[in-house]
1. Compute the length gained on full extension between residue 68 and residue 36: take 0.36 nm times their separation in residues and subtract their Cα-Cα distance, giving the result in nm to one decimal.
2. Just to be sure I understand the model, the point goes 7 Å from the Cα along the line to the Cβ. What's the resulting residue 3 to residue 59 distance in nm?
3. What's the extension gain from residue 15 to residue 84 if we count 0.36 nm per residue and subtract their Cα-Cα distance?
4. Need the list of lysines near residue 80 for cross-linking: C-alpha distance under 29 angstrom, and skip anything on the same chain fewer than eight residues off.
Amino acid sequence: MPRYDYECETCGKRFEARHSFDAPLPSCPEGHATVHRLITTAPRVLRGMAAPTSRNASKEELRSKWAEETPKLRQKMVEKLGEETVSKYGGTLNATYDD
Ligand SMILES: [Zn+2]
């Protein structure tokens, strides 16, 4: 069963829980009922990787990095979460670099 990150809307606590997409949302470990799932997407990872050089990186460099890295990230996500999940929730993983 896949594992997801959640954030409590009452106290802001972040936690991990395993459950299927169809199951109801888990509740906060502190007992609050309202939580939302945090979707981890590629751009956050990509920005992290590009951050140290972003001041000097041209748009073309960023675009080529995106073109090179995104299929790899997407493949990892597919291996971990399944094609259907990535297609449905991957969002920007399925998109091309557009700044
Ligand atoms: Zn809470």
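Rule-based calculations on the coordinates, nothing more; no lab input. As the structure is a computational prediction, the values presented were derived from the model and not from experiment. Note: ideal-geometry Cβ built from the backbone for every residue, glycine included; neighbour counts use all protein chains shown.
1. Contour length minus Cα-Cα distance gives 8.4 nm.
2. 4.0 nm
3. 22.4 nm
4. 13, 65, 72, 88
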